[in-house]
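Asks: Structure below; questions to follow.
Read-outs throughout are calculated quantities, based only on the coordinates presented, and are distinct from any laboratory measurement. Bear in mind that the values here come from a model prediction, so they are computed numbers and not experimental data. Cβ coordinates were reconstructed from backbone atoms using ideal geometry, including for glycine residues, and neighbour counts include every protein chain displayed.
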Amino acid sequence: MLTIKRQLSLWLIMTVAALFATQANAQDEEEGGESQPSAVYVPLRPSFVVNYGGAGRMRYIKADITVRAKDTPTADQIRYHMPYIRNNIVLLLSKQTDEAIDTQEGKEILRQAALQEVHLVLEAEEEESGATDLYFDNFIVQH
């Protein structure tokens, strides 16, 4: 008799737990289903290799860049407009001077300018930029 009571109690507990789990899952689906990641990182590959400076000895910048997007649709827009974005960043990198990129402050200014280029492309093509930041994963200068 005791085992039947235990089995019934166990069955009742499992049924109630399953009921709560089902209700919680249904409530999550009503509130929007799957949650979007708070950020999506889009690497701008391949690496940027650009000569810069002007007349005289050739100088090179090699940079690996990643853009942070606010959501997956924005990441898709960045991927779609990748040639346009890469073109603008190549032009920006090729305009640099030794003085501008030899300091930490200069690199930060360059990073902000590159992010601005991404914003300009997305705003021109998509009317809104969801790019939230830009990072140099690797930045090498050869004088």
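Asks: Quick check on the stretch 40-142: what are the equivalent-ellipsoid semi-axes from the Cα gyration tensor, as sqrt(5λ), descending, whole Å?
Replies: Details: eigenvalues 125, 32, 28 Å².
After diagonalising the Cα gyration tensor, the semi-axes are 25, 13, 12 Å.
Asks: Starting from the 7 Å offset along Cα-to-Cβ, what nm value, one decimal, do you get for the label separation of LYS62 and ASN87?
Replies: In this crude label model, LYS62 to ASN87 measures out at 2.7 nm.
Asks: Here is a follow-up. What distance in nm lies between label points placed 7 Å from Cα along the C-beta direction at HIS119 and ASN138?
Replies: Distance between the two pseudo-spin positions: 2.9 nm.
Asks: ASP76 to ALA55: extension gain in nm, 0.36 nm per residue of separation minus the Cα-Cα distance? Write out the running numbers ahead of the final one.
Replies: Details: separation 21, 0.36 × 21 = 7.56 nm, distance 3.90 nm.
So the chain would gain 3.7 nm between ASP76 and ALA55.
Asks: Among the GluC sites (Glu not before Pro) within the stretch 70-143, which fall in a DSSP loop and have no more than 12 other Cβ atoms within 10 Å of their own Cβ? If you can, show how the numbers build up before the last one.
Replies: On the way: sites: GLU99, GLU105, GLU108, GLU117, GLU123, GLU125, GLU126, GLU127, GLU128; in loops: GLU127, GLU128.
Those satisfying the criteria are GLU127, GLU128.
Asks: To continue, here is another question. Arrange the following residues from fewest to most other Cβ atoms within 10 Å of their Cβ: ARG57, ARG86, ARG45.
Replies: If I rank by nearby Cβ atoms, fewest first, I get ARG57, ARG45, ARG86.
Asks: Can you put THR66, THR103, THR74 in order of Cβ neighbours within 10 angstrom, beginning with the fewest?
Replies: Least crowded to most crowded, the residues run THR103, THR66, THR74.
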